[in-house]
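Asker: Below is the structure I would like to discuss, written out as structure tokens.
The values are calculated or read from the model by the stated rules, or taken from the named source; none is laboratory data. Only a predicted model underlies this, so the values are computations on that prediction, with no experimental measurement involved. Ideal geometry is used to build each Cβ from the backbone, glycine not excepted, and the neighbour counts take in all protein chains shown. Accessible surface areas use protein heavy atoms only, side chains included; no ligands, DNA or RNA. Shrake-Rupley method; radii C 1.70, N 1.55, O 1.52, S 1.80 Å.
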Amino acid sequence: MKQNYFLKKSLLLLLFFAFLSCGSDNDYVPLPEPTSPVVVDLAAVPYSKLSDYKFFEGTMKNQVPSLDVLPYEPASQLFTDYAHKKRFVWMPKNKKAVYDGDGKTLVFPVGTALIKTFYYDNVQPNNTTRIIETRVMIRKEEGWIFANYVWNSEQTEATLDPNGSFTEITWREGATIKTANYRIPSSAGGECLTCHKSVDKALPIGPKPQNLNFAINYGSGSKNQLEKWAEVGYLDNNYPRNIVSTVRWNDTSQPLEKRVRSYIDINCAHCHQEGSHCSYRDMRFAFSETSDISNMGVCMVPVDNVGSGLSHIVAPGSPGRSVMSFRLESVNESTRMPLLGRTIVHEEAVEMINQWISSLDTRCN
């Protein structure tokens, strides 16, 4: 009995010292870093289902980003019939974007995916949330491709649909009930490329340093987006810290002119620039160009007669004589601006722009 006792005690001591030995710093083996579940096979994309990419963890409609899928947000957003948007970026391991100018889209590495989900809150009659579509842009060797995914009524999956469609939606916006025949664009028909092009090559619109140079909340705290991108390895740290940046167009603490310029930049500049859809027009709406208000169309005589009494693109002091106001208030496909992306009027933005036009005291020759 005593022999068994000492034998057991000896074994326990051996195990104890073995445990101490395994725990020494010299023998420590670090655990492997967790890897992102995202799958972007450039030879196979676009996939038929949004879930195949594994951009989101858990229930997909909750839009909880998977590991290495990073949320982002431009200061001012493109108006799309009041739809809310959630944006995310993912890049392959050890790849990063590069700064190419304050107002130029970041140069993204091959394999990058930009994800944008369009949804409405307070959808009638039950004040629910409804996701309409998720658009994905993927950077392949030959350039960017578009993939539009339409969500099912159960909000469990989104299916690739390159053909485009309309869907009726009614929701409560503040105290007002609004209805829109929301347009899901056709990537096959070239609608995406109409706005997303430079010299006939597809290009993202929003992710420019001037639009990302402010802090958002990442759940663990707020941080400047450019700093966050550099921290996680998505942006080369060699970018300037004095970026001339846009502002939130609805931030009334900012100067009115800067708010208008920021709104016009994100909604109009991608077409009204060299090599883009409306480059044949004289207006140049990029934020870097509109410090000269003549580029905004102030005192510029319109080439086309789109309505009676419209004397200038922007007639100082007179929204009623300004083509810009007329086009922004129009829902007619032949006269509205922007041409695509909306079917109803962005009332709050029109009010701001009319206020700006009314404040101008420039004399036109």
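Asker: Within region 65-73, does at least one residue satisfy the condition of being closer than 30 Å to Val345 by Cβ, touching a residue at least 60 places away in the same chain (Cβ under 8 Å) and open to solvent by less than 40 Å² (accessible area, probe 1.4 Å)?
Answerer: Among the residues of region 65-73, at least one is closer than 30 Å to Val345 by Cβ, touching a residue at least 60 places away in the same chain (Cβ under 8 Å) and open to solvent by less than 40 Å² (accessible area, probe 1.4 Å), which makes the answer yes.
Matching residues to (1) crowded, with 18+ Cβ neighbours inside 10 Å; (2) touching a residue at least 12 places away in the same chain (Cβ under 8 Å); (3) not small (Gly, Ala, Ser):
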site	(1), (2), (3)
Ala75	yes, yes, no
Phe88	yes, yes, yes
Met91	yes, yes, yes
Lys96	yes, yes, yes
Gly103	yes, yes, no
Val107	no, no, yes
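Asker: Right, another one. Applying the selection to region 148-179, what residues are under 20 Å from Lys116 (Cβ atoms), among the polar types (S, T, N, Q) and part of a loop (DSSP other than H, G, I, E, B)?
Answerer: Once the filter is applied, which keeps residues that are under 20 Å from Lys116 (Cβ atoms), among the polar types (S, T, N, Q) and part of a loop (DSSP other than H, G, I, E, B), region 148-179 yields Asn152, Gln155, Thr156, Asn163.
Asker: Separate question: Return only the number of the condition from (1) at pLDDT below 95; (2) of a type outside the set (Val, Ile, Thr); (3) touching a helix residue (DSSP H, G or I) at 6+ places or on another chain (Cβ under 9 Å) that Asp25 does not satisfy.
Answerer: (3)
Asker: Within region 181-204, restricting attention to residues that are under 21 Å from the mean Cα position of the chain (by Cα) and within 30 Å of Asn126 (Cβ to Cβ), which residue is modelled with the highest pLDDT?
Answerer: Among those that are under 21 Å from the mean Cα position of the chain (by Cα) and within 30 Å of Asn126 (Cβ to Cβ), it is Tyr182.
Asker: Another one. Just one of Ser294, Ser325 is without any contact (Cβ under 8 Å) to a residue 12 or more places away in the chain and in a helix (DSSP H, G or I); which is it?
Answerer: Numbers: Ser325 fails: without any contact (Cβ under 8 Å) to a residue 12 or more places away in the chain.
Ser294 is the lone residue from the list that is without any contact (Cβ under 8 Å) to a residue 12 or more places away in the chain and in a helix (DSSP H, G or I).
Asker: For region 341-365, how many residues are open to solvent by 60 Å² or more (accessible area, probe 1.4 Å), touching a helix residue (DSSP H, G or I) at 6+ places or on another chain (Cβ under 7 Å) and closer than 14 Å to Asn267 by Cβ?
Answerer: Summing the residues that are open to solvent by 60 Å² or more (accessible area, probe 1.4 Å), touching a helix residue (DSSP H, G or I) at 6+ places or on another chain (Cβ under 7 Å) and closer than 14 Å to Asn267 by Cβ in region 341-365 gives 0.
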